[in-house]
Amino acid sequence: MDINNRIEQANKKAKEFLHHLHRHPELSEQEKATADYICEILTRYDIPFRRNIAGHGITAVICGNGDRCVGIRADIDALPVTENSGLSYSSECPGVMHACGHDLHTAILLASGIVLKELADAGELPGKVKLIFQPSEETIGGAHAMITEGVLEDPAVSSMIGLHVDPSCETGTATVKSGPMNAAVHDFFLDIQGRQTHGATPENGVDPIVIAADSIMNLQNSVSRLTSPVDSVVVTVGQIHSGTACNIIPDTASLGGSVRALSNEMLEFVKKKVEEIAAASATVYGASVSITWRGTAFPPLLNDKEVTDILEETAGSCPHIDQLRHMEKPSMGADDFAFFTEALPGSYFTLGCSKKGAERYPLHSDKFAADEEALIGGIEMEVNAVLALLAR
Ligand SMILES: [Zn+2]
Ligand SMILES: [Zn+2]
């Protein structure tokens, strides 16, 4: 059978997978039923797999003729959002929604796996493919834990690809970028311990709110005064909690934020400044401060030139990809696919998922509604890129 016919057939199944996954989203680190469903499909198509890797992660290996092994990753987790998309297959789990499109990533990878297995059975797969279904992208970065547990070994993966849907582009668009694509990021929590007193007598207490304000402003100054204007750095404080009344100076204040940069070196430099600034502000006013960094820092996502060139060539041969875009500037967003591109040559691309003329809502929005007609372009890209990478 012609490969495009195989992909057309698999696309019908991908829609079915998408509807099921979208109806039954699960939060990061809790993707048990999602993993059960993926394993059920892999079993149905006779694709051997290993499960319970780094939580609910799964790897499946398809063996053709050849030793080289290409990896494809899909993240499988959803977000704590109440769906308001109006889709006929909306979430049946209140407060949980596939608002980042990871259900499309999973459905595309399952369908690509089905096509690649058919090719292997027909003797038309010149190597091996490892399908990586990764949990916890939205929280702790499941990619790091999966790599630590050995998913890139046995068989050793030589290059990786992955995709993310992009509602800012129309269905049929693929976007590639060589070099830096996403930022390195590390989240922090800052707890300031002051001393409570009456709002009229600040001299009798230690005001943690003033220290929080001082720290926040100095963090912004550190970006503008201590780093070069041509190095991209962002420090965002997204949470601040303190106090109960207008006329009481509270005991404590806590902040939560993130530091982003395009290199590990710059990230470490700014992280050190965050700690020094918080400690210095606290010292001036006589408070104590503690800072916690959440999990492992995500490295910057750096796409390999050769693998990106192959993705670009592949896009030209996919019937449902009619527009290839080159991303000009990196995004300061982050994705834990970066752990894969840190470990070996890989490339991440995005797939437009907005219907022509339809209103567009961003990822993580409760109204985000991906066009299911975007699935087929993703399957074509994954299958054809794997064949090209194995044929090198
Ligand atoms: Zn997301
Ligand atoms: Zn995502």
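Scanning the range 65-91 for residues that are buried (at least 21 other Cβ atoms within 10 Å of the Cβ) and of a type outside the set (A, V, I, L, M, F, W, C) yields 71, 73, 75, 77, 83, 91. Look at (1) loosely packed, with under 14 Cβ neighbours inside 10 Å; (2) among the hydroxyl-bearing types (Ser, Thr, Tyr); (3) touching a Phe, Trp or Tyr at 6+ places or on another chain (Cβ under 9 Å) and you find that residue 227 fails only one, number (1). From the list 102, 56, 98, the lone residue that is under 21 Å from the mean Cα position of the chain (by Cα) and within 20 Å of residue 380 (Cβ to Cβ) is 102. Of the residues in the range 62-69, none is within 16 Å of ligand 1 (Cβ to nearest atom) and either touching an Asp or Glu at 6+ places or on another chain (Cβ under 8 Å) or under 22 Å from residue 307 (Cβ atoms) (or both).
So that you can scan it fast, the table gives a plain yes or no per residue for (1) among the hydroxyl-bearing types (Ser, Thr, Tyr); (2) at pLDDT 95 or above; (3) surrounded by fewer than 24 Cβ atoms within 10 Å (Cβ to Cβ); (4) in contact with a Ser or Thr (Cβ under 7 Å, 6 or more places away or on another chain):
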position	(1), (2), (3), (4)
132	no, yes, no, yes
142	no, yes, no, yes
155	no, yes, yes, no
161	no, yes, no, yes
176	no, yes, yes, yes
180	no, yes, yes, no
196	no, yes, yes, no
214	no, yes, yes, yes
217	no, yes, yes, no
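Counting just the residues of the range 80-97 that are out of contact with any Lys or Arg (no Cβ under 9 Å at 6 or more places or on another chain) and part of a loop (DSSP other than H, G, I, E, B), which one comes out nearest to residue 359 (Cα to Cα)? Here the answer is 87.
For the criterion of being surrounded by 21 or more Cβ atoms within 10 Å (Cβ to Cβ), within 30 Å of residue 203 (Cα to Cα) and not assigned by TED's automatic domain parsing to the domain that holds residue 169, residue 274 passes. Residues considered: 75, 2. Of these, the only one that is modelled with pLDDT under 95 and either more than 16 Å from ligand 2 (Cβ to nearest atom) or of a type in the set (Asp, Glu) (or both) is 2. Taking every residue in the range 365-389 that is surrounded by 24 or more Cβ atoms within 10 Å (Cβ to Cβ) and modelled with pLDDT of 95 or more and pairing it with any residue that is part of a helix (DSSP H, G or I) and among the basic types (Lys, Arg), at least 6 positions away or on another chain, the pairs with Cβ-Cβ distances below 8 Å are 375/15.
For the range 178-228, filtering for residues that are without any contact (Cβ under 8 Å) to a residue 24 or more places away in the chain, more than 19 Å from residue 261 (Cβ to Cβ) and of a type outside the set (Gly, Ala, Ser) leaves 4. Quick check, is residue 69 within 25 Å of residue 385 (Cβ to Cβ), assigned by TED's automatic domain parsing to the domain that holds residue 156 and more than 16 Å from ligand 2 (Cβ to nearest atom)? Taking the combined requirement at face value, the residue satisfies it. Checking 54, 35 one by one, the residue that is away from ligand 2 (no atom under 16 Å from the Cβ), closer than 22 Å to residue 344 by Cα, surrounded by fewer than 24 Cβ atoms within 10 Å (Cβ to Cβ) and touching a residue at least 40 places away in the same chain (Cβ under 8 Å) is 54 and no other.
The values are calculated or read from the model by the stated rules, or taken from the named source; none is laboratory data. Keep in mind that what you see is a predicted model, and the values were worked out from it rather than measured. Counting neighbours? That spans all protein chains shown, and the Cβs are built from the backbone with ideal geometry, glycine included.
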